[in-house]
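The values are calculated or read from the model by the stated rules, or taken from the named source; none is laboratory data. This one's a predicted model, so the numbers in the text were calculated from it and none came from an experiment. Don't worry about glycine lacking a Cβ; one is built from the backbone with ideal geometry, like all the others, and counts go over all protein chains shown. Accessible surface is based on the protein model in full, side chains and every heavy atom, while ligands, DNA and RNA are left aside. Shrake-Rupley method; radii C 1.70, N 1.55, O 1.52, S 1.80 Å.
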Amino acid sequence: MVAELEFRPVPIDIGDGAALVAAMEAEMAELYADVRGGLDLNAPDMPKAGPAELGPPHGVYLAGYRDGRPVCGGGLKRLPDGACEIKRMYVAPEARRRGLARILLQALEDAARGLGYTVARLDTGSRQPHAERLYASQGYRAIGNFNDNPVAHYFGEKRL
């Protein structure tokens, strides 16, 4: 059973947003430690997803709270063609296997619609097949590399 979640927009560079993003980045660095000498999501050749991108007016970062504690988060940013990209999705290890990633993805899609987006895109790496399965199950279809991410394996798109 999934406990009630409350989503709030938060900055990704302070407080709960910063903690969720740091935990996600650390997990990805460990998961891809042997790829290209280690994965740095903030490297110059990676798609940008900092406070400017995942904040107003064209983006947002949502933290999901359960019982007052942040347990998941994710953001979206504007792409040059007017679509949005979902970035930095993360569910804390102790909250996994309860359907929170699906709920988070739906909350991000709702936020995207609220900002006027009609198309959402996302990507994930080869060591995250669970993420690819989630995206496909939620209606994302495979597309080409839209964001020049040198590490991603799967790129998806969905009409909102």
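Out of (1) crowded, with 19+ Cβ neighbours inside 10 Å; (2) of a type outside the set (Phe, Trp, Tyr); (3) at pLDDT 95 or above, the odd one out for Arg8 is which?
(1)
Of all the strands (runs of 3 or more DSSP E) wholly in the range 42-160, which have at least 2 residues that are more than 23 Å from Ala22 (Cα to Cα)?
The strands (runs of 3 or more DSSP E) meeting that bar are 119-125, 152-159.
From the list Arg159, Arg133, Arg102, which residue is within 24 Å of Val35 (Cα to Cα), open to solvent by 50 Å² or more (accessible area, probe 1.4 Å) and of a type outside the set (Phe, Trp, Tyr)?
That would be Arg133, the only listed residue that is within 24 Å of Val35 (Cα to Cα), open to solvent by 50 Å² or more (accessible area, probe 1.4 Å) and of a type outside the set (Phe, Trp, Tyr).
Say we look at the range 123-143 and pick out the residues that are basic (Lys, Arg) and modelled with pLDDT of 95 or more; which of these is farthest from Leu31 (Cα to Cα)?
This residue is Arg141.
Can you tell me which condition Lys77 does not meet? The list is (1) farther than 25 Å from Ser137 by Cα; (2) touching a Cys at 6+ places or on another chain (Cβ under 7 Å), and all the others hold.
For Lys77, the exception is condition (1).
Name the single residue that is farthest from Leu41 (Cα to Cα) among those in the range 72-87 being buried (at least 23 other Cβ atoms within 10 Å of the Cβ) and in contact (Cβ under 8 Å) with a residue 40 or more places away in the chain.
Within the range 72-87, the match that is farthest from Leu41 (Cα to Cα) is Cys72.
Of the residues Ala142, Ala112, Ala92, which is touching a residue at least 24 places away in the same chain (Cβ under 8 Å) and closer than 20 Å to Pro47 by Cβ?
Going through Ala142, Ala112, Ala92 in turn, the sole match is Ala112.
Looking for whichever is within 17 Å of Ala63 (Cα to Cα), open to solvent by less than 20 Å² (accessible area, probe 1.4 Å) and under 15 Å from the mean Cα position of the chain (by Cα) here; the options are Ala95, Ala120, Ala112. Which one fits? Lay out the reasoning, then the answer.
Details: Ala95 fails: under 15 Å from the mean Cα position of the chain (by Cα); Ala120 fails: within 17 Å of Ala63 (Cα to Cα).
When all the criteria are applied, what remains is Ala112.
Among the residues of the range 33-43, is any modelled with pLDDT of 95 or more, among the β-branched types (Val, Ile, Thr) and open to solvent by 20 Å² or more (accessible area, probe 1.4 Å)?
The answer is no, given that none of the residues of the range 33-43 is modelled with pLDDT of 95 or more, among the β-branched types (Val, Ile, Thr) and open to solvent by 20 Å² or more (accessible area, probe 1.4 Å).
Tyr65 - would you say it is farther than 28 Å from Arg141 by Cβ, open to solvent by less than 20 Å² (accessible area, probe 1.4 Å) and not aliphatic (A, V, I, L, M)?
Judged against the criteria, Tyr65 is a match.
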